[in-house]
Amino acid sequence: MPAQWTGELIGRMHLANITRKQLAEQLNLHPKYVIAILNGDKSPKDAEEKFNNALEELIREKQR
């Protein structure tokens, strides 16, 4: 089962019109691995912080 933070992150991605592929590129990870984390199939140690930071950076870039 996915962690609550992944649902919140996906919601923020949707509102900012950011794709999983874009997030994966920002994180320098394979898109399938990112999807596995967001689906709760994988749970690396500091994923929440890394994913949130990457999303914030993408949002800032879109606002420029």
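The values are calculated or read from the model by the stated rules, or taken from the named source; none is laboratory data. Just so it is clear, the structure is predicted and the values come from calculations on it, not from any experiment. Using ideal geometry, Cβ is built from the backbone for each residue, glycine included, and neighbour counts are taken over all protein chains shown. The area values use the complete protein model at the heavy-atom level, side chains included, leaving out ligands, DNA and RNA. Shrake-Rupley method; radii C 1.70, N 1.55, O 1.52, S 1.80 Å.
Note on Glu57 and Asn17: the model spin-label points, each 7 Å out from Cα along the C-beta direction, lie 2.3 nm apart.
Can you show me the helix-derived [θ] at 222 nm for the chain, built from DSSP H runs with n ≥ 4 at -39,500 (n - 2.57) apiece and divided by the number of residues, rounded to the nearest 500. Could you put the intermediate results ahead of the total?
Numbers: 4 runs with 46 residues, N = 64.
The helix-only estimate for the chain comes to -22000 deg cm²/dmol at 222 nm.
Each Cα pair under 8 Å and six or more residues apart adds its separation to the average, and for the chain the resulting relative contact order is 42 percent.
Within the assembled protein chains, the solvent-accessible surface assigned to Lys62 is about 100 Å², based on a 1.4 Å probe. Accessible surface of the chain, 1.4 Å probe: 49 percent of it comes from carbon and sulfur atoms. Computed from phi, the 3J(HN,Hα) profile of the stretch 58-64 under the Karplus parametrisation 6.51, -1.76, 1.60 (θ = phi - 60°) reads 4, 5, 4, 4, 5, 7, 6 Hz, with x in place of Gly and Pro.
Phi angles across the stretch 18-29 convert, under the Karplus curve 6.51 cos²θ - 1.76 cosθ + 1.60 with θ = phi - 60°, into 3J(HN,Hα) values of 10, 8, 5, 5, 4, 5, 4, 5, 5, 7, 6, 10 Hz, Gly and Pro given as x.
With the convex hull of the Cα atoms taken as the outline of the chain, the averaged projected area works out to 3.8 nm².
Might you report the magnitude of the Cβ-based charge dipole of the chain about its Cα centre, with Lys and Arg at +1 and Asp and Glu at -1, to the nearest 20 debye? The partial results should precede the final answer.
Values: 10 positive and 9 negative charges, 43 e Å.
It comes to approximately 200 debye.
The listed residues Arg12, Arg60, once ranked by accessible area (1.4 Å probe) with the largest placed first, stand as Arg60, Arg12.
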